[in-house]
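What follows is a set of notes on a single structure, which appears directly below.
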Amino acid sequence: MRKTIYFLLSLLALTVTLEGQKNYTISGYVKDASNGEALTGATVHAKENMKGTTVNTYGFYSLTIPQGEYTLVVAYVGYSEYIRKIKLTDNYQMNVELTPIAYQMEEVVISATRGDANVSSTDMGTNELRIEAVKKTPSFFGEADLLKTVQLLPGVQSAGEGSSGYYVRGGGLDQNLILLDDAVIYNAGHLFGFFSIFNADAVRSAEIIKAGMPANYGGRLASVLNVSMKEGNSKRYEVDGGLGIIFARLNVQGPIVKNKASFLITGRRTYIDALMQPFLRKDSPAKGLKLYFYDLNAKMNWKINDKHHLYLSGYHGKDRYGFKSTAATMFADFGWQNSSASLRWSYNINHKTFLNTSLIFSDYQYNIDIEMDVYKLRMFSGIRDYTAKTELTYLPIAGNVLKMGAAYTFHQIKPNTYAVQASTELEIPVPPVFNTHEAALYVNDEIDIGDAIRLNLGVRGSYFAHTGPFTLYHADEFGRINDSTSYKKDVVIKDFWGLEPRVSVRFAITKTLSIKASYMHNYQYLHQIAMSNISMPTDMWMASTIDVKPQIGNQYSVGVYQNVLKNMLELSVEAYYKDMKNQTEYKQGYSPITEAMKYTTQQYVQGDGYSYGMEFFINKVYGKFTGWIGYTLAWTRRVFPDLNEGKEFPAKNDRRHDISVMLAYDILPQLSMSLVWVYATGNTMTVPVGFYFMGYNLVTEYSDKNAFRVPPYHRMDLSVNWVMKKTEHFEHSLNFSVYNVYNRKNPFFISIGSTMNSDKLEINNTAYQMSLFPIIPSLSWNFKIK
């Protein structure tokens, strides 16, 4: 650890030394000429020495090079290049607006935005997803879905049929940090996970990081998905939207003050429940069914001047699922919702220094209400965050990006809370709220060392504390509460801290071939604990405290990257090994009702895990025919002293093979089609393997944990998009898609039924497979008025 910190300080000293040379800086903003949106990831470079830089999330760039005459090139995929000759004898400001190419036969599907970034950067396991690519991907019920596209990348596994949850390199669902304009999203799914919360009309860009995580990210072990909302068209007003079989969408954006301030408002709702009700019989089980979701995105940005910029964005989404029995003796209502808000101030201090400060709010809540005769049960839980963060970016010389920052979050976590009304009094203890504090300081430096080596080195210091007010219950060896300890407000009950070094290095063999390696050490202080193999909105979040230690992860990665055919084809092979400590599960025999009667934090068990594998990726990034093929070969194991008799077992997301194919073809300028095919080894499961009598009681004997597998999963989807009319001020199109083209009955859930032959005293087990979705065609109409 000391060597890591010493090396980082040495690099900082080198940065100061190099800056002392006679250099000048070109800086400014790069934006879309049609709407004023920042072009994150655009490149700025000098032709003469090929020194360059990348535009950041807010559209800002800074390039420091020796004085002289240069030809500057600003480029971004799908836009015309901007070329300008300059004589650099002083610091120079150059704001650039790039014009979109009207007819893009060479549209990128998924790639880094500069042609050789796959080879030249230190990024490993990192993919940028352009929203145009997401909209081209065949979708469930015709609704473009960012998370479904993420699941098609190597190393990323779907959590199940139709689910928006995903596993990354053997990690758990809770080990993925999902951000929307810097706000943490704790449940990214709608309708039990079949759709994601990300409305493609409101998203500007998205990036997923699976390895070599920079030090400015923390709090999760497996990955970061960073999603940025559009800022709103600052040039002119636009209205766009669409109608599908079950969805309606509307997006309005435009200038408040032209080229100075703009707004964006986007809404979406399902309406299948409202459409079907008039056609149902009064005695239909679906009569009165409530099954819908809606979400709203809004954003406003204000360019005060060239140095100061304010952004305010928000999101709110809600799901509702309710039904009643035909005899009206039972009623159930499930509801869950996400809310977030971000206020960000960007300050361009000078031509080399950029400050970004944010105040962020995030909230996730769910509730379940069930009524049956005289009984009423209510269960609810949630997590709420208040965050303040600041980050300083310094770009002293070309090829050197230094970031340092601080972040603080106050988490309020409500564990599962039960309320029961019945004819007899039933008192259930109310669990206390967990008040926790999480803070971090970090520094990250990316620098070129000669022409062949580029290094990204960082360290993050994190701190987490569980504080009062809180009542900690103590249980005896039989799980019965026999004592408690009360803590007053702000008293530290338990705290943790850790240093998290991160390093990535790139060795350039040629201009089109490189070898990369990375290491990251992460702490995770929040845990999401699932009761089943299926991700549900009712899966509870839990804080690290006296009885629950933070998760700790180490990941080692190495890869080879090559571009061929003038960067048309990107090839990569990555190998990784990851170890994970303090993975959290419910203890064996856990029952939510039983534990609610004697609340204690000792209802969890912890163990370790590891994962290793290889990822192969072929990506054709431009031309009429685009797309990618990804293949992952992986193993994931867990060891819990209190589960499976302490023996190692495969994790529920242990899948040997995972294949994804995404292909798109532009048949005509106004007609395109795309295809997706996926294959995955079946999930693991635990099954009964025998029965015996103990006295008069029948006892079931189970296999080792996760010793059996369900059948493999595979599916093909197709999509055709027809632009019916496109003029300067109006365009509309039809999208026809087919989900599960060959009607594969994929396993969603396997249940085991037992029958007894009393004559032979035999018990036979039969497995029953539940499948969710057959072949599903869908049609949607999309429009844009501008």
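Tabulated data for the structure shown
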| read-out | value |
| --- | --- |
| In segment 622-678, the residues that are part of a strand (DSSP E or B), out of contact with any Leu (no Cβ under 9 Å at 6 or more places or on another chain), at pLDDT below 95 and within 24 Å of S139 (Cβ to Cβ) | D666, I667, L668, L671, S672 |
| The lone exception for S205 - which of (1) crowded, with 24+ Cβ neighbours inside 10 Å; (2) small (G, A, S); (3) in contact with a Ser or Thr (Cβ under 6 Å, 6 or more places away or on another chain) it fails | (1) |
| Contacts under 6 angstrom Cβ, first residue in segment 54-71 being touching a residue at least 24 places away in the same chain (Cβ under 8 Å), partner surrounded by fewer than 19 Cβ atoms within 10 Å (Cβ to Cβ) and basic (K, R), 6 or more apart | I65/K51; T71/K47; T71/K85 |
| Test: residue in segment 220-232 that is surrounded by fewer than 18 Cβ atoms within 10 Å (Cβ to Cβ) and on the phi > 0 side of the Ramachandran plot | no |
| Some residue of segment 269-282 being part of a loop (DSSP other than H, G, I, E, B) and either acidic (D, E) or under 24 Å from S313 (Cβ atoms) (or both) | no |
| Filtered residue count, segment 659-688, keeping only those that are open to solvent by less than 30 Å² (accessible area, probe 1.4 Å) and under 21 Å from the mean Cα position of the chain (by Cα) | 6 |
| Segment 208-219, residues that are open to solvent by less than 10 Å² (accessible area, probe 1.4 Å) and either in a loop (DSSP other than H, G, I, E, B) or of a type outside the set (A, V, I, L, M) (or both) | K210, M213, A215, G219 |
| Among residues of segment 159-202, those that are in contact with an Asp or Glu (Cβ under 9 Å, 6 or more places away or on another chain), closer than 23 Å to P650 by Cβ and open to solvent by 10 Å² or more (accessible area, probe 1.4 Å), counted | 2 |
| Of all residues making up segment 502-540, the number that are within 21 Å of the chain's Cα centre (by Cα), hydrophobic (A, V, I, L, M, F, W, C) and either modelled with pLDDT of 95 or more or closer than 23 Å to N216 by Cβ (or both) | 2 |
| Contacts under 6 angstrom Cβ, first residue in segment 224-253 being within 30 Å of M520 (Cα to Cα), partner buried (at least 19 other Cβ atoms within 10 Å of the Cβ) and small (G, A, S), 6 or more apart | V227/A206; S228/S205; M229/A202; M229/S313 |
| Subset tally (residues that are touching a Leu at 6+ places or on another chain (Cβ under 6 Å) and closer than 19 Å to T584 by Cβ) for segment 493-527 | 2 |
| Tally of residues being in contact with a helix residue (DSSP H, G or I) (Cβ under 7 Å, 6 or more places away or on another chain) and closer than 12 Å to K260 by Cα across segment 304-321 | 0 |
| Pair list, Cβ < 8 Å and 6+ apart or interchain, from segment 171-191 residues that are on the phi < 0 side of the Ramachandran plot to residues that are among the basic types (K, R) and in a loop (DSSP other than H, G, I, E, B) | D174/R220; Q175/R220; N176/R220; L177/R220 |
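The rows are residues; the columns are (1) at pLDDT 90 or above; (2) open to solvent by 60 Å² or more (accessible area, probe 1.4 Å); (3) under 22 Å from L243 (Cβ atoms); (4) in contact with a helix residue (DSSP H, G or I) (Cβ under 7 Å, 6 or more places away or on another chain).
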position	(1), (2), (3), (4)
N697	no, yes, no, no
R709	no, yes, no, no
Y742	yes, yes, no, no
S751	no, no, no, no
I763	no, no, no, no
P777	yes, yes, yes, no
N782	yes, no, yes, no
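Condition check ((1) out of contact with any helix residue (DSSP H, G or I) (no Cβ under 9 Å at 6 or more places or on another chain); (2) at positive phi; (3) open to solvent by 30 Å² or more (accessible area, probe 1.4 Å)) across all residues:
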site	(1), (2), (3)
P501	no, no, no
L513	no, no, yes
M540	yes, no, no
Q551	no, no, no
Y556	yes, no, yes
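A quick yes/no check of all residues on (1) part of a strand (DSSP E or B); (2) of a type in the set (A, V, I, L, M, F, W, C); (3) modelled with pLDDT under 85; (4) open to solvent by 80 Å² or more (accessible area, probe 1.4 Å):
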position	(1), (2), (3), (4)
V74	yes, yes, no, no
V77	no, yes, yes, no
K85	yes, no, no, yes
D90	no, no, no, yes
E97	yes, no, no, yes
A102	no, yes, yes, yes
M105	no, yes, yes, no
V109	no, yes, yes, no
R114	no, no, yes, yes
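The values are calculated or read from the model by the stated rules, or taken from the named source; none is laboratory data. Every value quoted in this text rests on a predicted model; they were computed, and no experiment measured them. Neighbour counts are summed over all protein chains in view; Cβ atoms, including those assigned to glycine, are modelled from backbone coordinates with ideal geometry. For accessibility, only protein heavy atoms count, side chains too; no ligands or nucleic acids. Shrake-Rupley method; radii C 1.70, N 1.55, O 1.52, S 1.80 Å.
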